[in-house]
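The values are calculated or read from the model by the stated rules, or taken from the named source; none is laboratory data. Everything quoted here is computed from the prediction, not taken from an experiment. Don't worry about glycine lacking a Cβ; one is built from the backbone with ideal geometry, like all the others, and counts go over all protein chains shown. These accessible areas exclude ligands, DNA and RNA; they are computed on the full protein's heavy atoms, side chains included. Shrake-Rupley method; radii C 1.70, N 1.55, O 1.52, S 1.80 Å.
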Amino acid sequence: MAHNLQSVLLFGQPGVGKGTQGEIIGSIPGFVHLATGDMFRGLDRDSELGQEFIKYSSQGLLVPDELTCRLWQQYVQGLIDTNQYRPNSDVLLLDGIPRSVAQAELLDSHIDVLRIIHLVCPDTDALVERMKKRADKQGRPDDADEDVIRRRLQVYHDETQPVLAHYDPSTVVEIDAIGLPGEILQKILNSIIPVARDVIQNPLG
Ligand code: AMP
């Protein structure tokens, strides 16, 4: 498995808009978007792994760390093998991982974190509404149930929020997640292009 993958983390509560922004930025040459939620939802539901995912996600819980990181490594390797991700000249935009301190530690030997974009929305009720609305559209049955959503937000608070303290505070940029998607995009790009430029323009190795 390659190491020192030059990465930007999209960080923030469920429903805050990481996926929307990640997809747009991932369409820009030099950026590759990898959302672990999409990775899991892409598993065959009848497979053992697919069943394992449903077991946890349907309760609003995280899939165990070891399994998540092993799958993530295989997935990244698949992107490399199929030339969808070129570690020497692309920046990896990680959305939804690491989601626990243990995952951050497991990823330390694989990624260099150039920037952490922390999307912030203090209005939890607005997030809940947004997640309910997208549940059908995006095939996320777990988000149709308000109790599961509330559990997801609690898990974020208990297990994911502490991940920020694992990284150098100077890499973290807080961005207000309320506003026009275009405006939020502009702010994110302003803070990641300066750190991504070297990777994209001067391929490593
Ligand atoms: P998301 O689409 O990012 O909200 O993820 C949907 C579900 O996938 C989560 O509720 C978790 O069950 C699982 N999941 C996604 N990313 C991770 C991760 N890094 N660690 C553990 N579970 C994850």
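Here are the numbers:
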| quantity | calculated |
| --- | --- |
| Given (1) open to solvent by 50 Å² or more (accessible area, probe 1.4 Å); (2) modelled with pLDDT of 95 or more; (3) out of contact with any helix residue (DSSP H, G or I) (no Cβ under 6 Å at 6 or more places or on another chain), index of the condition GLU129 fails | (2) |
| Residues located in the stretch 37-53, provided they are open to solvent by 60 Å² or more (accessible area, probe 1.4 Å), of a type in the set (D, E, K, R) and assigned to a helix (DSSP H, G or I) | ASP38, ARG41, GLU48 |
| Filtered residues of the stretch 106-126 (kept if open to solvent by 20 Å² or more (accessible area, probe 1.4 Å) and of a type in the set (A, V, I, L, M, F, W, C)) | LEU106, VAL113, LEU114, VAL120, ALA126 |
| Residue ID - nearest to the ligand (Cβ to nearest atom), chosen from residues in the stretch 63-93 that are part of a loop (DSSP other than H, G, I, E, B), surrounded by fewer than 17 Cβ atoms within 10 Å (Cβ to Cβ) and not basic (Lys, Arg) | PRO64 |
| Pairs with Cβ under 7 Å, 6+ apart, first in the stretch 29-41 and under 22 Å from LEU189 (Cβ atoms), second in a strand (DSSP E or B) and more than 10 Å from the ligand (Cβ to nearest atom) | GLY30/VAL91; PHE31/VAL91; PHE31/LEU93; VAL32/LEU92; VAL32/LEU93; HIS33/LEU93; LEU34/LEU92; LEU34/LEU93 |
| Output for the stretch 141-156, where each listed residue is charged (D, E, K, R) and either in contact with a helix residue (DSSP H, G or I) (Cβ under 8 Å, 6 or more places away or on another chain) or within 10 Å of PRO14 (Cα to Cα) (or both) | ASP142, ASP143, GLU146, ARG150, ARG152 |
| Residue identified as open to solvent by 50 Å² or more (accessible area, probe 1.4 Å), within 17 Å of ASP112 (Cβ to Cβ) and either part of a helix (DSSP H, G or I) or not charged (D, E, K, R) (or both) among ASP198, ASP136 | ASP198 |
| Residue satisfying all of: in the stretch 139-164; surrounded by 12 or more Cβ atoms within 10 Å (Cβ to Cβ) and in a loop (DSSP other than H, G, I, E, B); nearest to the ligand (Cβ to nearest atom) among these | ARG140 |
| Qualifying residue in the stretch 9-28 (condition: over 16 Å from the mean Cα position of the chain (by Cα) and not basic (Lys, Arg)) | yes |
| Residues that are more than 13 Å from PHE11 (Cα to Cα), among the small types (Gly, Ala, Ser) and assigned to a helix (DSSP H, G or I), drawn from the stretch 94-127 | ALA102, ALA126 |
| Filter pass, LEU34 being assigned to a strand (DSSP E or B) and within 12 Å of the ligand (Cβ to nearest atom) | yes |
| Residue within the stretch 165-174 that is crowded, with 16+ Cβ neighbours inside 10 Å and assigned to a loop (DSSP other than H, G, I, E, B) present | yes |
| Criterion violated by ILE28 - all others in (1) within 17 Å of ALA196 (Cα to Cα); (2) open to solvent by less than 20 Å² (accessible area, probe 1.4 Å); (3) among the hydrophobic types (A, V, I, L, M, F, W, C) satisfied | (2) |
